[in-house]
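Pasting a structure below so you can have a look.
Just so it is clear, none of the values below were taken in a lab; they were calculated from the coordinates. Keep in mind the model is a prediction, meaning the values are calculated, not measured. Using ideal geometry, Cβ is built from the backbone for each residue, glycine included, and neighbour counts are taken over all protein chains shown.
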Amino acid sequence: EAKAVNGPSYATYCPKMAKKSLARIEIERDLGRAFADGEFFIEYQPIVGVESGRIRSFEALLRWRHPQKGIIEPDRFIPLAEKTGLIVRAGKWVMSEACREAAKWPSPTGVAVNVAGDQFKDGTFVEHVRTCLAESGLAPGRLTVEVTESLFTVEIDVIRDSLAALRQMGVRIALDDFGTGFASISNLRDFPLDQLKIDRTFAKAMVANQRDASLVELILRLGRTFNLTTTIEGIETVGQMDLARALGVSEAQGFLISVPVPADEVPAMIERERTGRMLLPHSVTA
Ligand code: C2E
Ligand code: MG
Ligand code: MG
Ligand code: MG
């Protein structure tokens, strides 16, 4: 036992926990000026058609280049940015930046932007998206807004109205991390949605056991019922890709296809895919 080797330990002293919370405090402190100092940047990860192997869109993923700690992933700072309210400003920046970038890509390649629930609170979200589209010249149909199921727990009417307004403009709405949160079947019926993104835990689980494969099939049936595109996240192996195809998932995203890449690598990736020089899972298995 570790205790016997390292001597007595006390509930009030746990070096590992103390270190963890110190890191958290530092991140919270630094987050305040990180934005102003231009330390945020975006990486883009392709989403492909499962049958065609063709790139359909890229998801914009926020990154923070910390001057001392290096690159910090969103799971470590987005919760803090939500707590401090910074997420609203950062989210606006991501939206305008992603639209500007995507407008340079060959049409109809799309871009997907993650949006936090708090961004709907001040009532300016829809107008901001409209401005980003107008200023970038990106066709609304090339933009997907990704929201998570946690949205269904707060101010549901405001959010439904905002999503409906976006959809009216031609923007697509995706429900992210589906299958892990609070969405009920009636949410799928009542919300203006175009796409279900099946959480990446299912990509692993569906190849490991029949029960999870059946769950994915159930989600796909729901998708068909509500006329939604289904996208599976976190595809890391050829086996997962093959099963996704066999089950009838329409789009896939994951490290097997590509990790998220810097903005300046996107045009070359599109070009490689278009000229058949990108090794996509379709050609791996076909
Ligand atoms: P998400 O929207 O579900 O994004 C997909 C996440 O899965 C990304 O993590 C991506 O790098 C990761 N991923 C992609 N393929 C694979 C794979 O094959 N295996 C595994 N294990 N992971 C894979 P990332 O970039 O760390 O982002 C984490 C989460 O942070 C995102 O999950 C999203 O909820 C949030 N996020 C990222 N950017 C933004 C943003 O601009 N605004 C908001 N509000 N949230 C963001
Ligand atoms: Mg997402
Ligand atoms: Mg997701
Ligand atoms: Mg996620």
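Please find the FRET efficiency linking Thr275 to Thr180, where r is the Cβ-Cβ separation and R0 is fixed at 30 Å, and quote it to the nearest 0.05.
0.20
When Lys and Arg each count +1 and Asp and Glu each count -1, what net charge do the other residues less than 10 Å away from Gly248, Cβ to Cβ, add up to?
In short, +1.
Answer rounded, prolate or oblate for segment 120-172, using the Cα gyration tensor with square roots of eigenvalues a ≥ b ≥ c: rounded when a/c is under 1.5, else prolate when a/b is larger than b/c, else oblate.
prolate
Is the C-alpha gyration tensor of segment 157-212 telling us rounded, prolate or oblate? Criteria: a/c under 1.5 is rounded; beyond that, a/b larger than b/c is prolate, otherwise oblate.
The shape class here is prolate.
Rounded, prolate or oblate: pick one for the chain, where a ≥ b ≥ c are the square roots of the eigenvalues of its C-alpha gyration tensor, a/c under 1.5 means rounded, and failing that, prolate if a/b is larger than b/c, else oblate.
Rounded.
Could you tally the net charge around Thr131, taking each other residue with its Cβ under 14 Å from the Cβ of Thr131, Lys/Arg +1 and Asp/Glu -1?
0
Which net charge results for the neighbourhood of Glu271, defined as the other residues with beta-carbon distances under 11 angstrom from its beta-carbon, given Lys and Arg at +1 and Asp and Glu at -1?
+1
How big is the dipole moment of the chain about its Cα centre under a simple scheme where the beta carbon of each Lys and Arg is +1, that of each Asp and Glu is -1, and everything else is neutral? Debye, nearest 20, please.
Using Cβ point charges on Lys, Arg, Asp and Glu, the chain gives about 300 debye.
Answer with one residue from Ile156, Leu80, Gly123: the one whose Cα lies farthest towards the positive end of the charge dipole of segment 54-210, charges on Cβ with Lys, Arg +1 and Asp, Glu -1.
Going by the charge dipole, the pick is Leu80.
So, one more: How much of the pair distance distribution for segment 129-279 lies past 23 Å, counting alpha-carbon pairs only, in percent?
45
Can you work out ³J(HN,Hα) from phi for every residue in segment 173-181, in order, using Karplus 6.51 cos²θ - 1.76 cosθ + 1.60 and θ = phi - 60°, giving whole Hz and x for Gly and Pro?
With the stated coefficients, segment 173-181 comes to 10, 10, 9, 7, 6, 5, x, 10, x Hz.
Compute the relative contact order of segment 158-264 as a whole-number percentage, counting only Cα pairs closer than 8 Å that sit 6 or more residues apart in sequence.
About 22 percent, as a whole number.
Suppose R0 equals 30 Å. What FRET efficiency, 1/(1 + (r/R0)^6) with r the Cβ-Cβ distance, do Thr131 and Arg54 give to the nearest 0.05?
Taking R0 as 30 Å, the efficiency between Thr131 and Arg54 is 0.45.
May I pose another question? Given a cut-off of under 8 Å on Cα pairs at least six residues apart, what relative contact order in percent is computed for the chain?
So the answer I get is 18 percent.
If you don't mind, there's one more thing I want to ask. Of the beta bridges DSSP finds with both residues in the chain, what % are antiparallel, to the nearest 5?
Of all bridge pairs located within the chain, approximately 45 percent are antiparallel.
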